[in-house]
Amino acid sequence: MNICYKCKLPYDSEIRIPKILPCGHGLCIICIEKLFKKGLLMCPKDNIIHQISLEDISTNYVVLEAIDIGNPFEIIKCTNGHEMNILVQTEKEKMKCSVCKKYSDSYYQCVPCLDQICIKCCEWINTTAPNSYRLRCSEGHYLRETLNAEVFYQSIRPHKKHNFFLCDGCLTKTNGRSLQCRQCKLDYCISCVEKYRNLDKNIELLFCSKKNYEGFFGMIIGKYELCNQRLVWRNQNTNFKCFSCGSFFNKSGSFICKECSIAYCISCANKLIP
């Protein structure tokens with residue numbers, strides 16, 4: 001979000017300079033000066049009153065730097081929705097990033113929550129976009145859309161050439177856009193994402209196709225009944241063999257039948273929709 005919460009006008013580096021309040025919410029300097037009365041400032045978003053001087057209100061450098069170089073950006077927020085603008089660089093104590101879970105000596109910090117996101121994850125967030133799907137990775141993390149997944153992997157593994165990425169949903173080598181989890185290095189190609197959207201929209205039409213034969217004789221004469229139990233999506237169903245195509249998956253979620261304890265990959269489940 002590159003506009004002031006109060007006046008709804010875009011930030012800039014000269015007049016409407018982005019500032020951050022102690023509660024974690026951001027406003028432009030013009031609105032802060034208007035709201036400031038006798039050493040007190042009430043945040044218009046959560047109505048918290050801060051006793052602070054204008055000089056002690058921090059500039060939001062994450063937003064300001066993005067404005068200066070003319071790049072589109074997304075304001076980085078902690079898990080409680082506060083804007084993270086305090087850049088910490090120290091060699092004395094490394095902190096654990098709340099996104100990738102790795103320790104770093106350069107990170108942006110949320111003062112109210114003492115939460116931090118490393119520089120590399122901030123760059124990843126600012127070069128990707130939030131997705132509108134309920135699809136998550138196998139660890140339950142939210143996915144973000146990247147325009148070029150192989151560029152991301154080239155940046156973190158420069159010693160190896162990356163002309164494609166492996167989709168964890170269909171095990172196909174592809175390139176371009178994906179829904180990605182940086183922490184788990186998981187990608188769903190756009191084809192799998194569209195199939196998942198179709199499945200999510202038509203989940204009431206999705207039933208297990210397993211044939212339950214009536215004993216050994218039933219197998220000989222081909223007498224069976226279909227399971228026909230509804231399938232449900234499970235993000236966490238890792239290391240499974242698809243009942244339909246027989247492929248093994250170690251990161252993707254799956255559509256499962258709780259009655260038969262079997263799983264279908266996204267592509268095979270999509271074929272079950274009439």
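Assorted remarks:
- Phi to ³J(HN,Hα) by Karplus 6.51 cos²θ - 1.76 cosθ + 1.60 over the range 261-274, Hz, x for Gly, Pro: 6, 10, 10, 10, 6, 4, 4, 6, 5, 5, 6, 7, 6, x
- Spacing of the two label points (7 Å from each Cα toward its C-beta) at Gln229 and Phe248, in nm: 2.5 nm
- Linear extension gain, Ser106 paired with Asn126, 0.36 nm per residue minus alpha-carbon span: 5.6 nm
- Along its three principal directions, the equivalent ellipsoid of the range 214-263 from the Cα gyration tensor extends over semi-axes of 26, 13, 7 Å, largest first.
- Sites Arg134 and Glu93 - FRET efficiency at Förster radius 35 Å, r taken between beta-carbons, to 0.05: 0.40
- Using a Gaussian network model of the chain in which every pair of alpha carbons under 10 angstrom is joined by a spring, one finds that among Gln109, Gln180, Gln236 the greatest mean-square fluctuation is at Gln236.
- For Leu206, residues with placed amide H under 5 Å, excluding near neighbours: Leu231
- Fluctuation leader among Arg197, Arg136, Arg157 - the chain, Gaussian network, Cα springs under 10 angstrom: Arg157
- Computed extension gain for Glu194 through Leu40, at 0.36 nm per residue and net of the alpha carbon distance, reaches 50.4 nm.
- Each 5 Å bin from zero up to the one holding the largest Cα-Cα distance in the chain carries the following percent of pairs: 1, 5, 10, 12, 13, 12, 10, 9, 8, 6, 5, 3, 2, 1, 1, 0, 0, 0.
- Given R0 = 30 Å, the distance between the Cβ atoms of Cys113 and Tyr5 translates into a calculated FRET efficiency of 0.95.
- Gaussian network model of the chain, springs between alpha carbon atoms under 10 Å - residue of Gly176, Gly222, Gly39 with greatest fluctuation: Gly222
- Estimated vicinal HN-Hα couplings, Hz - the range 36-47 in sequence order (Karplus 6.51, -1.76, 1.60; Gly, Pro = x): 6, 9, 6, x, 10, 9, 9, 5, x, 8, 10, 6
Coordinate-derived values only; no laboratory data. Since this is a predicted model, take the numbers as computed values, not measurements. Methodologically, a virtual Cβ is constructed for each residue, glycine included, from the backbone with ideal geometry; neighbour enumeration extends over all protein chains shown.
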